[in-house]
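Read the figures in this text as sums done on the coordinates, not as results from a lab. None of these values were measured; they are calculated from a predicted model. So basically every Cβ, Gly included, is an ideal-geometry build from the backbone, and we count neighbours across all protein chains shown.
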């Protein structure tokens with residue numbers, strides 16, 4: 001069974017780091033997606049980034065990051081336009 005690093009936000013400047021299987025990560029990801037939907041409605045943001053996945057040069061999964069970032073269209077574009085990671089976000093329907 002393979003374990004991956006998963007980085008979670010924390011109140012300090014350092015992320016909380018956990019290790020979990022991909023199956024466990026998907027369960028956590030589903031919960032975070034629901035929370036991102038709530039944040040989208042509560043904050044009025046255009047987008048909420050709730051995670052990202054980084055891959056090695058050979059295409060294998062490297063690590064996962066969890067976020068809860070409500071953003072405007074402009075800020076979302078700035079933060080994601082030059083990122084090579086897979087960005088996980090919910091978006092407001094317009």
Compute the distance in nm between two label points, each set 7 Å from the Cα along the Cα-to-Cβ direction, one at residue 20 and one at residue 55.
2.2 nm
Enter the per residue convex hull volume of the stretch 40-94, computed from alpha-carbon coordinates, in Å³ rounded to the nearest integer.
77 Å³
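Normalised by the residues of the stretch 4-91, what does the relative contact order come to in percent, with Cα pairs under 8 Å and at least six apart?
Value for the stretch 4-91: 31 percent.
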Neighbour-count order for 64, 1, 20, fewest beta carbons within 10 angstrom listed first
1, 20, 64
By how many degrees, between 0 and 90 and to the nearest 10, does the Cα long axis of helix 22-43 differ from the longest principal axis of the chain?
10 degrees
Taking the chain and counting helices only, DSSP H stretches of n ≥ 4 at -39,500 (n - 2.57) each over all residues, the nearest-500 ellipticity at 222 nm comes to -10500 deg cm²/dmol
How much length, in nm to one decimal, is gained on full extension between residue 38 and residue 74, taken as 0.36 nm per residue of separation minus their Cα-Cα distance?
10.9 nm
Pick from 16, 56, 84: which residue has the top mean-square fluctuation in a GNM of the chain where Cα pairs under 10 Å get a spring?
56
Here the stretch 1-58 gives, from Cα atoms, an Rg and Dmax in Å of 13.4, 41
